[in-house]
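First the structure, in the form of structure tokens, and then the observations on it.
The values are calculated or read from the model by the stated rules, or taken from the named source; none is laboratory data. All figures in this text were calculated on a predicted structure; none of them were measured in a lab. Just the protein is used for accessible areas: all its heavy atoms, side chains included, with ligands, DNA and RNA removed. Shrake-Rupley method; radii C 1.70, N 1.55, O 1.52, S 1.80 Å.
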Amino acid sequence: MSLLPRAPSEIEVVAHRGVSAKAPEHTLAAYQQALTLGADAVECDVRMTRDGVLVCVHDRRINRTSTGRGVVSALDLAELEQHRVVHRRPRGAAIRGRPPRPAVEEDDDEEADQDAGRVLTLDRLLDYVTASPGRVRLAIETKHPTRHAGQVEVALLTSLRRFGLLAGGRPLEWSGRPAVRVMSFSPTALRRVRVLAPDLPTVHLVRQMLPRTRTRTVLPAGTAVGPSLALLRQDPGLVRRLHRAGLQVHVWVVNRPRDMHLALSLGVDAIITDEAAVLMHLLGRDGPRPSMSTG
């Protein structure tokens, strides 16, 4: 009998930027690894280029994850594509005892992608995911602040409609669950999404402590709340209060087994992680245990 508040099959495993332990973050190779592992969902961050194209890049600048330099919103897609996406260790993802990853991924055999090394556009990711519908869901984070402001959400919803993931404000469902959701730290961005697509699930990401007296003022921005791992450590009762308010809890970024056990014991609905294989193992949903330190 499981001691977890939820059955292992009910807890959504979300591969953060794909599986960046095996391939550079935000590349098709990383997302292919997530599908191979059997992750329930994949997370991606989107930013808009100067010429209005949504690309999967986390940082405001491309310095950390490519061979180039510069601000995403100040560069055209053609300029971004001049630089190679490289394999950097994600921030906050270091596991004690694990050696540093190389700055550049040397083994390209795993990247079954004719555009390997180029920045990944959101449309290419959506094309890949919808080619095998139902296998993995999408958690898309819009990054703010940006000079493009509300254009980001408008362009995102346009892309979702073009790929059949959104129709009449309602998301496509795979296996009884919405195939896509939008996340952001910006309440304004999420309210914008709710106006344009009322039935599209949204996740309000939060990293700061929420005083109990202010919790209600934060909730309306989304249908779910995404607290940081640090926030759950500070206030474990937050999960219970959010559930009582009818909201799901999607915690980020949980990489160490002991932190995964904490999140699972609190009954969260989804865990966003760089270590999807480890989490799958803890849930009994994988093959042999991956090699890593339990730090």
Rounded, prolate or oblate, given the Cα gyration tensor of the stretch 4-66, with a/c below 1.5 counting as rounded?
prolate
At 1.4 Å probe radius, can you tell me the per residue accessible area of the stretch 48-89 in Å²?
45
Hey, any idea what % of the stretch 241-289's accessible area is carbon plus sulfur with a 1.4 Å probe?
50
Express the carbon and sulfur contribution to the solvent-accessible surface of the stretch 5-81 as a percent, rounded to the nearest whole number, probe 1.4 angstrom.
47
